Structure formats: structure tokens, C-alpha cells
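Below is one structure, written out as C-alpha cells; comments come after it.
FYI, it's all coordinate maths here, none of it is from the lab. Not measured: the values here are computed from a predicted model. Every residue, glycine as well, gets a Cβ built from its backbone with ideal geometry; the counts of neighbours run over all protein chains shown.
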């Protein structure tokens, strides 16, 4: 039955999350995070864990709070509103995959905030296709594996405790032969280099120079990792779309506040019809991004095939976030691109997240495949 | 709780409606309808009634099927897919308003298909604002009323059995003073003129030359009709958005079929990447229109304030429908604007429905108001 | 030296053309033309010839007026403004090609208006690529040729006195092997079928069932017709872009007039800021289309490589014309798609001309090739 | 007579400018400039002067090279391609105004590179309307003036030797009463604060705390400065549009090079049809921006009314530059927003220049006025 409302409990969660982030994650903190190497705030991460945010999507049996991905999506919206860098959506997506794969032992540490796990899927060709996975995973005589190759544009890759890496255990370029391994961030032979971007989000390049992994590092079946990676990616993408929708919504709200407050010759900017239309246009975009993101999160949560919905949500959110920031800069005028004004966080995020985890062209490609083309 | 799926019963309803329309409402019938004065098919209307489509959104107590506006929205999507002209969304919206106003006696005839009722709200200034309502309603000594003035662009206005008219029972241009009256289509002094449009949809201009109405023609309270008209309009608009989303979806599907089938030098059009992207783009639009329409219908059904959601849905659907038909014509090439090819029904509808019931600019205005601007 | 102005003589030509068309080509005539089979007005054609319009781009040595393609482009803009169907741009483009090929004997009749010649290049695959040319031209023992195959979407193909046809005199699908022949419209074995479109422009399908042509029907070299066809196409496209730019300009002007005149509650529509912005937006588009069209015409006139400029102009004009009509319909509201209101001529033309002579996708393809991709 | 080509001398100028900037203004220099307070490179400025770039638009009688604004526009395109910050367009625009006003004595120093003059027009309300000019200019008993008030977003305002300031010598908010004064950058009572922006362009806020100016500081007539300011602004805007068009062109070229060079699985990115279309789309935009900018420069140069053309050019260039950078980031993927990759200069400039000197909304407003709305 079609229902587009959140439950009262979810509304309370949203309210408390928003209040918490307003208080504990002001833009001064975000500025500090962006200036530092780590790329997120450890104390805040532990506070978030303390509030149960990481427990939310995990079942009680694993120590979780028995919530759903929809709850995590709601928090992702709030993180997007706050423009707060954190490995939340990555750790949730990877954690759920670990749970699926029976690695329940790790969930407790994820929930407590002690363990940050991020997917490391992207290589030279950033498209989410099997042919792009080329990191070599060679079985070691010891029963373990050796990893050699390069991962690029890995969000929080330089800071994560564990990396969920895709690689080739078998030749060719088909889906079959891809496996997933958990690799400690401080493994010998792993070089991690943080990348300087204009987005403010922390990315890393990971060079695997014969990194050794134990036999039990395998997540899912040997050679059968592609669909597991796909499921992880869809979870992370659905949450990313939610994050972007939240950012879009916030840009709308800060712009509406600005035009209401800003007076020219005794007349509020908000009273100009062209200003009203640009704002209404942003509201339309924000709604669209939110609806598409919620559809994606819901579809993933239901366990339905979700490539189509997830990619549509990513395309929508990218377009809405960009267009909303373009309108916002227009409406703010010169002040909009001052370093000291907060709008800049959002348009830098919008640009970065438009290409991270697949460009719009990459996702239109997935939609086309889902259409049978 | 967020839920974006239809119930199994609703899925069955959709399936049966689609099958029915495919069989009983082929494009040859639509062509015939467009060529004739009436503007819809009476036999088909009675078949639709026979299937219970008109009973759907009404409660059992009024002889209805105890469904919801969401069910009616689902049927509106199917009508849009079929590009079938019919006064369905108008009669449902007007009927629900009659029910609200306690005119339960009329519902039975609506459900049976005997009675077509359409809202007649638009005048010279087509914007949905109180100032635009100027048809004069003067109390008669008999206890009834006399109507004088002009209504324009009234969908099915020349064919309806009853018209739900807005007018001024009190001077000024505020909300207060607007009343709604039910006027028979064949009332003395009412001149109805069908308008020739390029959209194919039947519109009429209604000249009220001192039309008399009984005291019990009043719907809702005297002078208090504005909010009732607004609710009626929102119901009709939400269903219209659903209709347009259905049309958009169909345009996508017919285009995907065309590019799969069409072969150039032994290679299907569908195999060209640019073709795939244009189709994926259309799918994105169709999803967005559908989601926004469903949000609008749901919000109206819940009885929540819905100006924002309804107007966003209208703007979205208009943009998506237009953009989808533009892509479709590009992908079809010359054949796309042949009279004999069915695509033309959809781009003509898209253009007409973009301006009917308020242009995008009008609806952005409503969104701006809802944003507090 | 950059110069964006027309000469005084050209301004006079424009003025007189505009006056002539306003007087002799009212919309009542255009309606009649659209309702009739021929697709253009013969008397008007002879008047246009009488005014020297057809002489304009031809040299004095051939009986012409020694003007340039820029003059013809200026007239094409005026024809576009008037939404007048006529085979002007086709006959000019084909005529210049005949001149190039030394067929000077025909120019006199073209100039006098006695001879309408149109290019017939498009087949099943409408793209302007060598592989799409498949009409078979077989040398006859008599020294002439026999043509077999189908041409589609040929503008004025059913009405032209002469058709400039492309076909294959040699197998394969390369440029080499394509030849151009002049075929009388009433040749034995040639079946011409007018196509009903929603655009209002007259198109034909031409079935060549073993049509015989004389040896001297060859235009250009045997097997070397591709570049000649390309040059003809570029001339016709540059003029078409000019025609579309003229239509765009006219849509702007009629809309500006409408919003100035239309009063709501004592306030002209033109005084609303949102209305002003939509109009200014249209002006921006109209300027862009005009500039791009003039660049294309100038480049062709100069004899420079012009695929890039011509295709850019077509893409621009298509986008501008469409967007301008979309804005115009929004600003006119319901009246905008009444049959009796003139705006419909322009949005129907805009849609048709967007796909005729190559869709935007086809032309982006040519631009990509010109970019070396 | 329509002519869209540059003269051979202009082509040589372009070639030499491009070579010079490639050699002397590498991105390493641009990075250094952005990191420093001054905001431009003094040595390079003197080299530019040495090449005669500043002499170009001035007449021989004033020591200039007798070129035109079109030549300066051509150089502005090259500066835009190089993303090089410099007060070139500002000094040229202000210098031509000084020349008009008979202050020929200053031209020599401008030409030699010794004197940087920039317009300082913008205040709290950034729109180019008379009401927005509120800096108070009070006649001093000495025969001079005292300036009090604030100018904002003044490009190179903190670094210029002379500021061409607008202010009110007479009350009210009409055009009449605005005067222009030349104020030394180091005048007593003038506080200049450089603003940190995300655009990389140097902006300043100028606080006039009772700044004294001599009687001969007046440029143009007392109370009659508005039209002089307008002319200065149009010159600067036309050159700015040229600069942005140059940036757009460069973004296209660097992207085309990137996709040609970048190979995935033995296949160049350039061979993907979707990539080709995105590039062709950028080429269309670049052409449009260039044509509109050249039309603006030409119209200003001709001394024709140019508000319409200049504002259209600004709107076009803003849209094209933005859209081209959006496509470019999509096509580059993650590398596109690395700090170390040069694309970031262009999208930061695109965003800044979209709002500087008037947003698109402000310029649509001017176009609307020019349309008589």
C-alpha cells in the first residue's frame, strides 16, 4: 500500500538527529574536518555510535536496533543537510554485506563505532562493470591470498580500519571470478594516499603491493563476489542519494531564509516573483530527489531488484543537487561564493557526489540495461 | 511507514484495466472520439462504470466500493497510457466534493455512469486564485440564484450533465464570497461552445446568461466555496498528474519497443549508446512523474495540506511528459510526427495538459506560497 | 573583419519582404495551403519569383541578381517568420548545385519560378551518412540510367518539377559510388505519395520502380556525388536554420505583444516579473539561433568547410525554436493551443523541423566528427 | 555586411597571444597568483603591456595602437582560455571611459602598464540599476568632494591604482544625480579588504570613510554619470563574455584531448557515442557563447545601443561555461575535481563569473527592459 509518510518513531529520530547535528556538527567543525588529514571527526563518530545510529539497520540478533535501511536513509538525509563528512553510509553498506556473509562477529564493533569498514571497489575505469575489476587476488600456499593492484577514489579509504575490496580470483573480465576480501587498513604492503579534491570529501588511492590476507578474509563465495559487491554498492548508492537529497533540501531552506531576510529598498528579495519561481523550482527538485531516493532505499530494503531505482535516484539527486546550488548561488549573488559563507560546502559536495560512485552517464547506462536495451 | 508498492488487489486492478483499455479503447476509437463533437465515448463510459471504476473512490455507505483516491489514481495512470479522452478524473473529483457536501443522493447516478459532473472553475484569468473568480451569482427572490458570466477552458463542459460552478455571491476579490453551485448542462440561458484545440481534448466555453439555479444547487456553504473548490481542484490535479505520468510511461515503452525493433544495417537502434541514454533519460523522467503524482494523490487522500505536493506533481508531470515526447520524436525521426503513427496523441496531450488546470508558472506560484514566500 | 550588421540594401530587402508576406501571405492563406494537396501556393511562388527572390543567390552570368546566400538566408528568416510553406530553400540549394555542375540551362527557369527542384536524399535510415544511400542507379544500355528504390520524407517531393536524387551507381556503402541524378517529377515508374503529418509541412514518399533517366541527368561526376550532395545539404540546412530562427523571432514578438496587451485586474501580464523573464529567455534563444544560423550561412557562402557550423546551427535552431514555443504556450495559457490562434503553426513547425533534415542527435554526430572524435 | 571571420592581422594577434600565455602563464603561475594577496602577476602585467595589449583599443592620438574593442575581445578570449587572473578587461573598459571623458593624460600610463584602473560600481544591492547607487559624494568647500559609503565585490579593488567610483551627488534614486569620480587606491580614509572566494578571482570590499577627492577627479558631468557608468559596464561585460567564451572553448578542447587519450580496454573514451554527444554538445555551447560575445563586443564597438546584446551575451556565456564544465567533469570522472588537475580553475571561474557583474536574472531583467516590457 502506497505510503509516503514516516512513522512517528522515525519522525522523532529525524528530529533528534537534526538537533544533535545542529549542536555538535556546526560548520566550524566541518571546516576543521576538511582541513585535517583524517577526513572525519572521531569524537563525533563515537557520539553517533552512542546514539545508536550504527546499530539502527542491524537486527537484534547481531546486537542491532532492528531498524531498517529506511531509518539509515533518514539519517543519511540529515548528514547531507549538515554537509558533515563521515563514513556512515559506507560502513552501514559494508556492514550489512558482512552480516549477509555471516561475519556477524564484526557487527558488534561496527555498532560500537570501533570499526570503520568501507567498500573499495573503484579502479582505473570507474564504471560499475565487471570488466573494470582488475586487482589481482592470488591464492597463497598458506591458504590465504595475496592482493596486487590499485584502487582509486575510495571514500575514506585512507582512514578506514577495514577495506572491503573487490578483485579477480579468476581471469577474464566476466562477473564470475570476482571475489571480495576484507583487508585491514594497516596491512603490510598497502600504501594509502589521500587525494586533494575540490569537493572536500576525503578520497584515497590504495596501492596493494602484494598485500597478504588470511583465508577467512573472504566475504561471500570465491569467484562469486560480483553480486555481493553489487548489493553493497546499491545500498551505499541509495544512502548516498538520500544524503544528496538532504543536501538539496538544506540548500533550499537556507536560500528561502536568505531571500526572506534580505531587504532591498524596503522590499524583501522574497517578494520578487522571479525569486519566488527560482525557489519553487528548487523545492520541486528537492521533492523529486527525496522521492527518488526514498524509492531507491525502499526497493533495496525490500530485497527487490534495484539497479533501476538506485541509478534513477543517483541521477535525480545529482541533477537536483546541482541545479539547486546553481539557483542558490544566483539568488545569493556574490555572497554565495564567499569562503566564509556556508553555501560553498553544498555546491562543492554537489559537484563531487555527482561523479563519485558513478557519473550520471554511468547510471543512465545501468538504467538502459534494466530497460532491456 | 514508507511504502512504494501497490497492494496485490491494486496490481490486479491495474492489470485488468490495462487489458480492458487495450481491447476496448484502441487508437482507432480515440481517433473517432477526437473527430466527434461529444469528446468521449458514451458506450465505453458505461462499460467503465460497469467495471466499477466510478464506484472505486466512494464509500460503501454511498453505494461505492470503499476504495481510495489511490485506486482512482491508478486508473488515471492507465487512462493516460491509453490517451483516452474521458471525464473520469473530473467526475471523480466533483463527486467526492458532492459527497463531502452531503449530496449523497447524486453519488448513485455517478457510480452507475448516468451522471457526468465536471468542475467549471476557470475564467478569463486562468490562475487558481480567488481574484480570478468573477462569475456573478445573485440570490433570486425565489430563494434560488441567478448566474451571469463566462467560464473558459472547461474540460468536457459542453457534454457534462452537471457543472460544478464557482462564482461570486459576495463582492470584492477575496476568498470569502465565493460559492459553488451545481448547474445542469442543459439549463436555460446557458450557452455551451466546444473549442477546437490542437490537443485533442474536449474543452468548452460556457456563457451564463442569467441562468437560474435552485436553492439546493448550493454545494458547501454560501460564501465559503473557495476552500471546497480548492479541494476539488487538488483532487482533479492529483489525478491529472497521474494521468500524465501514465502517458509519459507509455511514451517510454512505445519508444523502447520501437528502438528495439528498428534495425539499421543489421544493427538495432537500441544498440546505439546515444539511443540508450535518451531512453534511460525518459525512464528517469517517467519515474519522477509517477513518484510525484503518487505523492500528490496520497497526500490528498490523507486529507493533509496538499497545495505544495499537488503543484509539484503537476509541474513535474508537465516537464516529464513534454521532455519524454521530445526525446521520443527525436528517436522515432520522421515517422514520429506522421498522423498515422500513435505518438502524436501523446505529444498533443502533453502540450495541452501542460497548460490546462494551471501552467507550470501558476503552480510554481502556489509552491512559493506554500514555502512562505 | 567581424561584422554583424546587414548592409542597407539587405535591410531594404528584409523590409520589403516582410511587408510583402504580411500582405500576401496571411495565416488564412497558410491554413488553406495546409488543407490542400499541393503544399504551397503557386500564385505566391510566382509573385516571389517576380520580386527576384529566386534570382538573388545566382550570378548575373546565369541570369541572376548577383546576391549571396546571405541574402537568401535573410529571405528564409522572413519565410520562417510567416510560417509560410514553400520550396524556396530547397530550390535555392538544388539550383546552386546545378550551377556548380554546369547545368546553367536550368537556372533561368528556376529564377523565373517555372521550375521547382528539390533534393531527394533521405531513405529508410535518415542519417546523412553514405551508408544510408541505397537507391539503386543502374546504367542502362542506352547510355542512361534506371533508378529503383525508395526515398522518404522528401519535402515537396510530390510537387516538385525536378528531383535531385542520390543513389548508388557502385556497390558497397562508402562515399565513393554515390551519384546524383535529376529526375522529372512526372517520370514514368515514379510513384509519389504525400504524407500526412502533424507539422503541416508537405512531405512525400517516392517509390522509384525502374525509373529511366537520360545520360545527361547526371549532376556532378559518376560515383562522385557524395560531396555534391553534402554541399547541397549544407546549403539547405543553413537556410533551414535561418528559417527556424525567423520562426523563433516571430514567436517571441507575438508573445511580447500578447503579454503587453493582455490585462489582468488592471495590470498588464507584461508587468509580471516571471513573464518578463520568460520573454527575455526567449529573446536570448532567438538571438542565439539567429547568430548560429548566420554563421552557418556565412561559412557556406565563403566556401569554407561547414559541417560543424551548419550542424551547430541546426541543433541551436531546433532547441531555440522548441523552447521558445514552449515558453510561448505557457505565457498564452489555454488560448495558445486553440486551432484558431496562430501560435499553433509555429509549434507544429518547430517540432517537424527539429527532426527533418536530421535530428539533433544526427547533427551532434556530425559535430563530433568535425571535432575529430 | 555579415562577416564572421577575423582579419589575418587579428589571427596573428591571437596566435601570438596564445603562444605567449602558454609559455608565460602556465597553471603553476595561476596557482601562485591565487595563493597570493595581490591577485594578479605584476611582471606578467608589464609583459602584456610590453606586447602592446593595453595600447590596442586606444587611438594613436592617445598613444594607442588604433585597434578596436574587437581586438581587446580577442585577447579577453585568450585570457579566459588561460584562466589567468588579471585586471585587463577592467582597465580597458575604465580607460576607454577616461578617454571619452577627455582624461587623455592618464592613457599613456595605462598603456605602459603603470596604471591599473578598475570600475567600482557595485554596492549592497548588486543589480545594475540607479537605485542601487548610494555611496554619498558630498561637494567639499575646497571645490573637491568627500566620499562616504561601501562598495562590494569590486574585482581587483584592493590592488588597483585608481578606482572609478560611482556615487550620489544628488539625492533620490533616479539616474540623475549619479556621478563618477576617480579615487586613488591609497587614498586616506579608504579601507580595502580582499575577500576570500571559491572562485579564485580577487574581489574587494571598499569602505569609504570620508575619502577626499579633488575637483578634477570627476569623470563626465556632475550628476550625469549614470550613462557613463552604463557604457563602462557594457564594455567590461562584453569583454567578460568574451573571456568566458574563451574559457568555455578551452574546457571543450581539454576534454576532447582527454577523451581521445584516455583508453579503456583498448578503446578510447572518444569512441563511445555518449561521450561524442556530450563533447558535441559542449562545442555547440562554446560556439553560441563565442558568437553572442562577439555580437556584444561588435555592438559596443559600433556605438550602438547595446544593453540587449551585452546582457544576452552574459547570460549565454554564463550558461555555456557552466554547462561545459558540468559535461567536462562528467567526462573526466573523479580526476575532474582533483586539486592537481587543471579543470578546477575553469569550473570555479564559471561559477564566480556567473554572478559577478550581474547574475543571469539581473541580465534577463535588462533584456526584458530592452524588449519594452
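Report, in whole Å, the centroid distance computed from the Cα atoms of the stretch C:99-160 and the stretch A:118-175.
If we compute the Cα centre of each part, the gap is 59 Å.
Can you give the alpha-carbon Rg of the stretch B:285-326 over 2.2 N^0.38 Å, where N counts its residues? Working shown, then result.
Working: Rg = 10.5 Å, N = 42, 2.2 N^0.38 = 9.1 Å.
Dividing the Cα radius of gyration by 2.2 N^0.38 Å gives 1.16.
Return the whole-Å distance between the Cα centroid of the stretch C:198-235 and the Cα centroid of the stretch C:11-56.
26 Å
Can you give the convex hull volume of the alpha carbon atoms of the stretch B:161-313 per residue, in Å³? It would help to have the intermediate numbers written out before the result.
Values: hull volume 24.6 nm³, N = 153.
For the stretch B:161-313, the hull spanned by Cα atoms encloses 161 Å³ per residue.
Reported to two decimal places, what Rg/Rh ratio describes the stretch A:40-105 when computed on Cα atoms with Rh from the Kirkwood expression?
Working: Rg = 11.7 Å, Rh = 12.2 Å.
For the stretch A:40-105, the value is 0.96.
Based on the alpha carbon coordinates of chain A, what radius of gyration and maximum Cα-Cα distance (Dmax) apply, in Å?
20.8, 79
Every other copy gets compared here: list the nm distances from the residue B:42 label point (7 Å along Cα to Cβ) to its counterparts, shortest first, one decimal.
Its label point is 4.6, 8.3, 9.3 nm from the equivalent points in the other copies.
Give the Debye-formula value of log10 I(q)/I(0) at each listed q (0.24 Å⁻¹), with one equal scatterer per alpha carbon of the stretch B:103-218, two decimals each.
At q = 0.24 Å⁻¹ the computed log10 ratios are -1.41.
Please state the relative contact order of chain C as a whole percent: Cα pairs under 8 Å, 6+ residues apart? Walk me through the numbers on the way to the answer.
Numbers: 705 pairs, mean separation 55.5, N = 373.
Relative contact order comes out at 15 percent.
Taking a ≥ b ≥ c as the square roots of the eigenvalues of the Cα gyration tensor of the stretch D:282-360, is the shape rounded (a/c under 1.5), prolate (a/b larger than b/c) or oblate? Please report the intermediate quantities before stating the final value.
On the way: a/c = 3.17, a/b = 2.29, b/c = 1.38.
Verdict is prolate for the stretch D:282-360.
Would you mind listing how long the stretch C:250-292 runs along its three principal axes, going by Cα atoms, in whole Å with the largest first?
Computed over the Cα atoms, the extents are 41, 17, 7 Å.
How are the alpha carbon pair distances in the stretch C:189-255 distributed across 10 Å bins from zero to the largest one, expressed in percent?
For the stretch C:189-255, the binned pair fractions read 15, 24, 37, 16, 7, 0 percent.
Give me the log10 of I(q) over I(0) for the stretch A:1-147 at q = 0.19, 0.20 Å⁻¹, as the Debye formula computes it from C-alpha points; what are the numbers?
Rounded to two decimals, the profile gives -1.20, -1.26.
For a footprinting-style exposure proxy, rank A:29, D:252, C:206 by other Cβ within 10 Å, fewest first. Provide the component values of the computation, followed by the final result.
On the way: A:29 17, D:252 24, C:206 27.
Fewest-to-most Cβ neighbours within 10 Å comes out as A:29, D:252, C:206.
Roughly what angle does helix C:8-24 make with the longest principal axis of chain C, taking Cα atoms, 0 to 90 degrees, to the nearest 10?
Helix C:8-24 and the main axis of chain C meet at about 80 degrees.
Given the rule -39500 (n - 2.57) for each run of at least 4 DSSP H residues, summed and divided by the residues of chain D, what is its mean residue ellipticity at 222 nm, to the nearest 500 deg cm²/dmol? Mind showing how you got there, number by number?
Details: 11 runs with 184 residues, N = 373.
Mean residue ellipticity, 222 nm, calculated: -16500 deg cm²/dmol.
Can you list, shortest first in nanometers, how far residue D:266 lies from the same residue in the other copies, with each label 7 Å from Cα toward Cβ?
Result for residue D:266, in nm, nearest copy first: 2.0, 7.7, 7.9.
Normalised by the number of residues in the stretch A:1-157, what is the relative contact order in percent for Cα pairs under 8 Å and 6+ residues apart? Intermediate results must be reported in sequence, preceding the final value.
Numbers: 178 pairs, mean separation 29.3, N = 157.
Computed over the stretch A:1-157, the figure is 19 percent.
Taking square-rooted eigenvalues a ≥ b ≥ c of the alpha carbon gyration tensor, is the stretch B:76-165 rounded, prolate or oblate, where a/c under 1.5 means rounded and, failing that, a/b exceeding b/c means prolate? Mind showing how you got there, number by number?
Numbers: a/c = 2.24, a/b = 1.31, b/c = 1.71.
In terms of gyration-tensor shape, oblate.
Can you tell me the relative contact order of the stretch D:130-184? Whole percent, Cα pairs under 8 Å, sequence separation 6 or more.
Numbers: 82 pairs, mean separation 20.4, N = 55.
The value is 37 percent.
For the stretch D:6-72, treating each Cα as an identical point scatterer without solvent, what Debye log10 I(q)/I(0) comes out at q = 0.16, 0.18 1/Å?
Here the Debye-derived log intensity ratios amount to -0.64, -0.77.
Taking the Cα atoms only, what angle lies between the long axis of helix A:307-332 and the longest principal axis of chain A, rounded to 10 degrees?
Once rounded, one gets 40 degrees.
In whole angstrom, how long is each semi-axis of the equivalent ellipsoid of the protein assembly as shown, when you take the square root of 5 times every eigenvalue of its Cα gyration tensor and sort them from largest down?
One finds semi-axes of 46, 46, 38 Å for the protein assembly as shown.
Please compute, for peptide A:299-309, the average count of beta-carbon atoms on other protein chains lying within 10 Å of each residue's beta-carbon. Don't skip to the answer; put the middle values down first.
Values: counts 2, 0, 1, 3, 0, 2, 0, 0, 0, 4, 2.
Going residue by residue through A:299-309 and averaging, the value is 1.
For helix B:69-82, report the angle its Cα long axis makes with the longest principal axis of the Cα atoms of chain B; keep it between 0 and 90° and round to the nearest 10°.
Rounded to the nearest ten degrees, it is 50.
Once you place label points 7 Å from the Cα toward the Cβ at residue B:131 and residue A:3, how far apart are they in nm?
4.3 nm
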